[in-house]
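The values are calculated or read from the model by the stated rules, or taken from the named source; none is laboratory data. Being a predicted model, the structure only gives us computed values, none of them experimental. Neighbour counts run over all protein chains shown; Cβ positions are idealised from the backbone, glycine included.
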Amino acid sequence: MKVSTKGRYGLRVMMELALRYGRGTVLVGDLAQAQDLPPKYLHVLLGSLRASGLVRTVRGPNGGYELARDPSRITALEVVEAMEGKIQLAACGEEGKACNRGGLCATQELWEATAQAMTDVLGAATLTTLADRHLQLRSQHDHWTI
């Protein structure tokens, strides 16, 4: 499975909102500049994230976007699934789809175990974890920049 740009960029935008959490709303233009993404595409991403209940919109002169809850309570899994759908590596394991080899296929078990491992890794990473690591990496980079 290859996570699409929608999934990757959606996670970056959510991490950026986590970095700014508690300081008010963020304008799309500021998010676009910080993550080097086109503002038009950000509107699409933010629409999906809002529909999933992960971000909220505030209208008016101090309007913009903000996380719907504390970043320590939002996982990378929630974001990726909001953008991509449920993690599924092979069609034979999809819910509601019968497989004539179900229960007899070792490869089906492998795909299910692999999808579960991805789910576990993404579910263990919160936006706070990602934001903290981002700051650490940026600090290390800035330290070595002349």
Quick check, is Ala18 part of a helix (DSSP H, G or I), in contact with a Pro (Cβ under 6 Å, 6 or more places away or on another chain) and either in contact (Cβ under 8 Å) with a residue 12 or more places away in the chain or over 20 Å from Asp132 (Cα atoms) (or both)? yes
Yes or no: Gly53 surrounded by fewer than 18 Cβ atoms within 10 Å (Cβ to Cβ), part of a loop (DSSP other than H, G, I, E, B) and modelled with pLDDT of 95 or more? yes
Selection count, region 36-53, where residues are touching a Ser or Thr at 6+ places or on another chain (Cβ under 9 Å) and under 17 Å from Ala76 (Cα atoms): 2
Residues of region 1-50 being surrounded by 16 or more Cβ atoms within 10 Å (Cβ to Cβ) and hydroxyl-bearing (Ser, Thr, Tyr), in sequence order, are Tyr9, Tyr21, Thr25, Ser48
Checking Ser72 against (1) in a loop (DSSP other than H, G, I, E, B); (2) touching a strand residue (DSSP E or B) at 6+ places or on another chain (Cβ under 7 Å): exactly one of these is not met. Which one? (1)
Name the residues in region 56-80 that are buried (at least 18 other Cβ atoms within 10 Å of the Cβ) and more than 15 Å from the chain's Cα centre (by Cα), would you? Gly64, Tyr65
So how many residues does region 81-109 have that are within 25 Å of the chain's Cα centre (by Cα) and either at pLDDT 80 or above or charged (D, E, K, R) (or both)? 12
